[in-house]
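The structure is given below, and queries will be raised subsequently.
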Amino acid sequence: MTKLESETGFAGSVLFKNLLPPYRFVRTDETVIHHHHHQTAPLNDRAIRVLNWNIAKNNDDRAWQADFDWILDRYCPDLIFLQEFSLCARSKNFKLAELSWSFAPNFIDKYHNIYAGVLTASRATSENHRAVITEHFEPVSNTPKVSLVTEHPFAQGALLTINSHLINFVDLVKFKAQLHELENAIAQHSGAIIFSGDFNTWNRARWQLLDKMTRRLGLMRAEFPETDAQNIKRFLLSPPLDHIFYRGLRQNYLQARVLDHIHSSDHKPMLVELHI
């Protein structure tokens, strides 16, 4: 049991934001921290509502917590993919405590005992959780990036979900290396897939590598109405950074939206509904 687990009662029940000096960043030996809520059931056979959001380590902020609670009450997402999530022993988010979730850290701040990484939450049963950590590190913080692979029992076998935050501030060779690791993980699955996250596709070369990789895997990219698509995080005139890809499902275009009125992160929450 980790120090975090002993202080919280169950692994990762607590979440908060902090500004971390780079010298405290260390790679974690943890793979996946998992919280199981007893009231889970298989995913809906008819429709799956997906929330994707880079929350910029703001999950201890009251404004973020109010926004997150509102989104869960208003849209009732079945699968929630959060990037830049902080986990520690100081504060709780009770909405998350009502869900099952898995958390894959890519570093720990040893001084404050804070984990940071990606979190996948669901009202549904999940299994076979594993982390895919990059072999290369980002500069300054000297930390890797992480993706979380999870399976969910589904009407047509298992639904594979991948929650990713792609490496930044490195050359294309290192970016491509992470994509190759993810492609190997995804290619082993023959059924339905949701591949979601912050892909840091802030220039055309990065976007083209991601686009070619997803096409090889037979993945479609979720489309949004033009007014919503303009609100997805970008740098100046770059391609969007955040994406939701899927396979073995079809998109309900009328239920796709980007919540521009949410300001508790510099990324906007993305919501789509996928059908069998």
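The values are calculated or read from the model by the stated rules, or taken from the named source; none is laboratory data. Treat the numbers as computed from the prediction; the structure is a model and nothing was measured. Glycine also receives a Cβ, built like all others from the backbone with ideal geometry; neighbour counts cover every protein chain displayed. Keep in mind that these areas ignore ligands, DNA and RNA; they rest on the heavy atoms of the full protein, side chains included. Shrake-Rupley method; radii C 1.70, N 1.55, O 1.52, S 1.80 Å.
Once the convex hull of the C-alpha atoms of the chain is built, how many Å³ does it hold per residue, rounded to a whole number?
Spelled out: Cα convex hull of the chain, divided by residues, is 122 Å³.
Is the shape of region 62-202 best called rounded, prolate or oblate, per the rule: a/c under 1.5 gives rounded, else a/b larger than b/c gives prolate, else oblate, with a ≥ b ≥ c the square roots of the Cα gyration tensor eigenvalues? Please list the in-between numbers first.
Working: a/c = 1.89, a/b = 1.10, b/c = 1.72.
Cα axes put region 62-202 in the oblate bin.
Farthest toward the dipole's positive end in the chain, which of VAL272, LEU172, HIS136, given Cβ charges of +1 (Lys, Arg) and -1 (Asp, Glu) about the Cα centre?
LEU172
Number of Lys pairs in the chain with C-alpha atoms less than 14 angstrom apart, excluding same-chain neighbours closer than eight positions? The partial results should precede the final answer.
Working: LYS3/LYS110; LYS17/LYS57; LYS17/LYS92; LYS57/LYS268; LYS145/LYS174; LYS145/LYS176; LYS176/LYS212; LYS233/LYS268.
Total qualifying Lys-Lys pairs in the chain comes to 8.
Please report, as a whole percent, how much of the solvent-accessible surface of the chain comes from carbon and sulfur atoms (probe radius 1.4 Å).
On the way: 6100 of 12270 Å².
Of the solvent-accessible surface of the chain, carbon and sulfur hold 50 percent.
Provide the per-residue ³J(HN,Hα) series for region 239-247, in order, calculated from phi with Karplus coefficients 6.51, -1.76, 1.60 and θ = phi - 60°, each as a whole number of Hz, with x at glycine and proline positions.
Residue by residue, region 239-247 yields x, x, 8, 9, 9, 10, 10, 8, 8 Hz.
Sticking with this one: Using a probe radius of 1.4 Å on heavy atoms only, what accessible surface per residue do you get for region 43-176? Whole Å² is fine. Before the final figure, lay out each step's value.
Values: 5090 Å² over 134 residues.
Heavy-atom accessible area per residue stands at 38 Å².
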